[in-house]
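Take a look at the structure set out below.
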Amino acid sequence: MPTVRSVMSRCVQTIHRDTYVSEVAGIFDVERIGAAPLVSEGGDTVGIITKSDITRFDYVGGDPYTARAWEIANPEPSTIEASAPLEQAARMMSEDRIHHLIVVEGDAIVGILSSLDFVTLFAEGAE
């Protein structure tokens, strides 16, 4: 059975919690990502911010040049161990209606798993 490690993205862009929302949007565009773990000054994971968070914030008229990432991010991100079965990750994402899981080994972030990773896996298997 495939594990989370086998399909996760290993290059994880973290965002400092005090980064302006406008800067986060720019990072997402340049790096072509849809989510990033939020970290504190000490490097601890303190949340996750997604393109959806930014879109919702923009929709309600928020100012991305004054708001900080921590103000719109989810402070309780879902995590999964890299060694977990892929089926467990899919179940978590489906039940919680989320598109990203932070992948960890112990307390360390080692990757991020997105719903697009599942699409890619399916598409490659269909070839």
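The values are calculated or read from the model by the stated rules, or taken from the named source; none is laboratory data. Quick caveat: nothing in here was measured; it's all calculated off a predicted structure. No Cβ is skipped: glycine too gets one built from the backbone with ideal geometry, and neighbour counts run over all protein chains shown.
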Yes/no for Arg10 being among the basic types (Lys, Arg), in contact with a helix residue (DSSP H, G or I) (Cβ under 9 Å, 6 or more places away or on another chain) and surrounded by fewer than 17 Cβ atoms within 10 Å (Cβ to Cβ): no
If we scan the range 80-91, do we find a residue that is over 19 Å from Glu105 (Cβ atoms) and without any contact (Cβ under 8 Å) to a residue 40 or more places away in the chain? yes
Looking at (1) modelled with pLDDT of 95 or more; (2) among the small types (Gly, Ala, Ser); (3) more than 20 Å from Phe118 (Cβ to Cβ), find the lone condition where Ala36 falls short. (3)
What single numbered condition from (1) crowded, with 16+ Cβ neighbours inside 10 Å; (2) at pLDDT below 95 fails to hold for Ala123? (1)
Quick check: anything in the range 77-94 under 22 Å from His16 (Cβ atoms) and exposed (fewer than 12 other Cβ atoms within 10 Å of the Cβ)? no
